[in-house]
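Everything on this sheet refers to the single structure shown next.
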Protein chains: 2
Amino acid sequence: MCRLCARPHGPTGRVPHYERVEKVRLLVVDDDPPIADLVATVARYEGWDAVTANSGEEALRLAGEFHPDIVVLDLMLPDVDGFGVLDRLRGSGTMVPVVFLTARDGVADRVAGLTRGGDDYLVKPFAVEELMARLRTVLRRSAGPGFQRSVLRVADLTMDEDTREVRRGDKLLTLTPTEYEVLRFLMRKSPTVMTKAQILDHVWEYGFGGRSNVVELVVSRLRRKLDDTGEPLIQTVRGFGYVIRQAAE
Amino acid sequence: MCRLCARPHGPTGRVPHYERVEKVRLLVVDDDPPIADLVATVARYEGWDAVTANSGEEALRLAGEFHPDIVVLDLMLPDVDGFGVLDRLRGSGTMVPVVFLTARDGVADRVAGLTRGGDDYLVKPFAVEELMARLRTVLRRSAGPGFQRSVLRVADLTMDEDTREVRRGDKLLTLTPTEYEVLRFLMRKSPTVMTKAQILDHVWEYGFGGRSNVVELVVSRLRRKLDDTGEPLIQTVRGFGYVIRQAAE
DNA sequence: CGGGAGCTGTCGATAACCTGTCGTACAACT
DNA sequence: AGTTGTACGACAGGTTATCGACAGCTCCCG
């Protein structure tokens, strides 16, 4: 038993939900390098191939060379404006799906209407896990025929990411948005232990100030909803973080 | 999946459109690339095969190569005029059904005369869901006599897309056009949760500016008509969107 | 061409709900 | 028993949803 992750080491059973033979190829376009890198890093951590571009020109060049499966595109770029990049992407015949990033007050209204095709958009500052969730959804859907529901499962707990239904056994649970996101993160990572900092960093917007005990609180609220039926699922790893998994015998 | 009525047959519940064995082949002809791409993207998102042409010449060439099952044809083209394209299509013996696009004030009356067959037309700017609905209808009808009605069903709520009759149980409901479209969209996507942005993007005309609470309002009006008999069907997913589905236990 | 009916979207008041902070009680390790 | 880390009740402020009221618009009818 490992002190850090509080579980036996060895081959784990975790298999990604979208089993692709080839890695997903992601192009991240944002003029703010830290943001672009953040997204790329998280994506790589998920096993994707990711490259970043900090300008419209670079983005178009990379799109031609790298042939991404999906693009994250900030609409506020220094040179070519985000819409211009989009037009030229589409104009060159690529039907690659795009997830847009936009400032809260900025071009939000102009963006509306871009999601029609199956693309999506997110307002800055966003939470990394939410971005990843949307990317997965867009990918799944644009994969065309044969996509199926994404259902996460841990023990008798299930989460359907399309219907947003969460069940413990047969019992339907009602979660708030934050609770939902934290639970999704833990379920996705299960049975790996996540530190509170990791949870905070992935589920809350980047730049979130509150270094408080929010995570503990949300977990506490989750437990009340999850565990009133059956044995505890979310386990505390003292001094480290939380895991969700079936209690070891 | 039935090739003719574009929806699932059999005793099971909802089966998505992409499970059809053969994809519908769609040719989109519009000199405005963003519009053509919009339509093509939405169609692909539904699992269709779509190609775009930005001129009459290209359209005729593609019609010969691609052999579409259905064509979306803008009547305002730079080179050959839309009617010319139509004539030459028909002249070459193709009976492929066509849905015309026209500007509001344009040649609306002349178009009306063209829609006798299985064809149809739509005024720009249109809502993508309405276009898709018409395409599905035209496809179904052009399959010849004895085509099958398209009836959407969620719990005891039914919507006949041909007669536009909506019933809750036996009770016939009277919906306004907007209410009808929103309800259709939700029923088609059921039991997946749709965000307000998605609803807005699909059901309202492209280019619609209203960043207000229209969606909430229409849902509110729908609920009043739907739910005065029986239990609530349209459910709010707070912080996310709306779904229509039978309330789980 | 004028009147009326119905449809649609804006605004604003109200209600319902969500979220993070604080503080204290509790549990685990040493 | 001391020390450190965790659980969670309670509360206040903020956010989001609901829906009545209203005005502009279109369409229809005479």
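Which pairs turn up if I take residues in the stretch A:220-249 that are touching a residue at least 12 places away in the same chain (Cβ under 8 Å) and look for partners that are within 14 Å of DNA strand C (Cβ to nearest atom) and basic (Lys, Arg) with beta carbon separation below 6 Å, at least 6 apart in sequence or on another chain?
The qualifying pairs are A:234/A:223; A:241/A:196.
In contact (Cβ under 8 Å) with a residue 24 or more places away in the chain, within 16 Å of DNA strand C (Cβ to nearest atom), over 15 Å from the mean Cα position of the chain (by Cα) and more than 9 Å from chain A (Cβ to nearest Cβ): is that true of residue B:214 in this structure?
no
Give me the residue from the stretch B:225-235 that is away from chain A (no Cβ under 11 Å) and surrounded by 11 or more Cβ atoms within 10 Å (Cβ to Cβ) and, out of that set, nearest to DNA strand C (Cβ to nearest atom).
B:225
Of all residues being crowded, with 17+ Cβ neighbours inside 10 Å, facing chain B (nearest Cβ under 8 Å) and not acidic (Asp, Glu) in the stretch A:148-179, which is nearest to residue A:118 (Cα to Cα)? Just the residue, please.
A:163
Would it be correct to say that residue B:231 is out of contact with any Cys (no Cβ under 7 Å at 6 or more places or on another chain), within 16 Å of DNA strand D (Cβ to nearest atom) and modelled with pLDDT under 95?
yes
Could you count how many residues in the stretch A:148-164 are over 24 Å from residue A:138 (Cα atoms) and part of a loop (DSSP other than H, G, I, E, B)?
2
Against the conditions (1) closer than 20 Å to residue B:43 by Cβ; (2) within 15 Å of DNA strand D (Cβ to nearest atom); (3) not hydrophobic (A, V, I, L, M, F, W, C), where does residue B:177 fall short? Just the number, please.
(1)
Consider only pairs whose beta carbons are under 7 Å apart and that are at least six residues apart or on different chains; among these, list those whose first residue lies in the stretch A:198-210 and is closer than 16 Å to residue A:180 by Cα and whose second residue is away from DNA strand C (no atom under 11 Å from the Cβ) and charged (D, E, K, R).
Note: pairs meeting the criteria are A:202/A:129; A:203/A:129.
Within 13 Å of DNA strand C (Cβ to nearest atom), more than 14 Å from chain B (Cβ to nearest Cβ) and in contact with an Asp or Glu (Cβ under 8 Å, 6 or more places away or on another chain), is that true of residue A:222?
Yes: the conditions hold for residue A:222.
Conditions: (1) more than 15 Å from the chain's Cα centre (by Cα); (2) modelled with pLDDT under 95. Residue A:139 meets all but one. Number of the miss?
It is condition (1) that residue A:139 fails.
Per-residue answers, yes or no, for (1) under 23 Å from residue B:134 (Cβ atoms); (2) in contact with a strand residue (DSSP E or B) (Cβ under 7 Å, 6 or more places away or on another chain):
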| position | (1), (2) |
| --- | --- |
| B:189 | yes, no |
| B:193 | no, yes |
| B:202 | yes, no |
| B:207 | yes, no |
| B:220 | no, no |
| B:223 | no, yes |
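Residue B:239: of a type in the set (Gly, Ala, Ser) and either more than 14 Å from chain A (Cβ to nearest Cβ) or in contact with a helix residue (DSSP H, G or I) (Cβ under 7 Å, 6 or more places away or on another chain) (or both), yes or no?
Working: of a type in the set (Gly, Ala, Ser): yes; either more than 14 Å from chain A (Cβ to nearest Cβ) or in contact with a helix residue (DSSP H, G or I) (Cβ under 7 Å, 6 or more places away or on another chain) (or both): yes.
So residue B:239 fits the description; yes.
Can you confirm whether residue A:75 is away from every other protein chain (no Cβ under 11 Å) and modelled with pLDDT of 90 or more? Outline the logic, then answer.
Working: away from every other protein chain (no Cβ under 11 Å): yes; modelled with pLDDT of 90 or more: no.
When the stated conditions are applied, residue A:75 does not pass them.
Checking residue A:185 against (1) more than 14 Å from chain B (Cβ to nearest Cβ); (2) within 13 Å of DNA strand C (Cβ to nearest atom), which test does it fail?
Failed condition: (2).
Among residues belonging to the stretch A:78-88 that are more than 12 Å from residue A:114 (Cβ to Cβ) and within 14 Å of chain B (Cβ to nearest Cβ), point out the one that is surrounded by the fewest Cβ atoms within 10 Å (Cβ to Cβ).
Result: A:84.
Take the residues of the stretch B:190-211 that are more than 12 Å from DNA strand C (Cβ to nearest atom) and aliphatic (A, V, I, L, M): which is farthest from residue B:155 (Cα to Cα)?
Among residues in the stretch B:190-211 that are more than 12 Å from DNA strand C (Cβ to nearest atom) and aliphatic (A, V, I, L, M), the one farthest from residue B:155 (Cα to Cα) is B:197.
In the stretch B:190-215, what count of residues is obtained for those that are exposed (fewer than 15 other Cβ atoms within 10 Å of the Cβ) and touching a helix residue (DSSP H, G or I) at 6+ places or on another chain (Cβ under 7 Å)? Walk me through it before giving the result.
Kept after step one, since they are exposed (fewer than 15 other Cβ atoms within 10 Å of the Cβ), are these residues of the stretch B:190-215: B:205, B:207, B:209-213.
Going one step further and asking which of them are touching a helix residue (DSSP H, G or I) at 6+ places or on another chain (Cβ under 7 Å), we end up with B:209, B:211.
The number of residues fulfilling the criteria is 2.
Can you name the residue in the stretch B:42-59 that is of a type outside the set (A, V, I, L, M, F, W, C) and over 15 Å from the mean Cα position of the chain (by Cα) and, of all such residues, is farthest from residue A:118 (Cα to Cα)?
Top of the filtered list is B:57.
For the stretch A:41-62, what are the residues that are crowded, with 21+ Cβ neighbours inside 10 Å and out of contact with any helix residue (DSSP H, G or I) (no Cβ under 6 Å at 6 or more places or on another chain)?
The one that is crowded, with 21+ Cβ neighbours inside 10 Å and out of contact with any helix residue (DSSP H, G or I) (no Cβ under 6 Å at 6 or more places or on another chain): A:43.
Scan the stretch B:180-192 and tell me whether some residue there is within 23 Å of residue B:46 (Cβ to Cβ), within 15 Å of DNA strand D (Cβ to nearest atom) and among the polar types (S, T, N, Q).
no
Out of (1) without any contact (Cβ under 8 Å) to a residue 40 or more places away in the chain; (2) part of a helix (DSSP H, G or I), what's the single condition that is false for residue B:42?
All conditions pass for residue B:42, except number (1).
Going by the structure shown, is residue B:167 part of a helix (DSSP H, G or I) and farther than 27 Å from residue A:122 by Cβ?
When the stated conditions are applied, residue B:167 does not pass them.
Evaluate the stretch B:99-112: report whether one residue or more is modelled with pLDDT of 95 or more and closer than 30 Å to residue A:140 by Cα.
Looking for residues that are modelled with pLDDT of 95 or more and closer than 30 Å to residue A:140 by Cα, one finds none in the stretch B:99-112, hence no.
The values are calculated or read from the model by the stated rules, or taken from the named source; none is laboratory data. If you're wondering where the values come from, they're calculated on a predicted model, not measured in any experiment. A quick note on method: Cβ atoms are made from the backbone with ideal geometry, for glycine too, and the neighbour counts reach across all protein chains shown.
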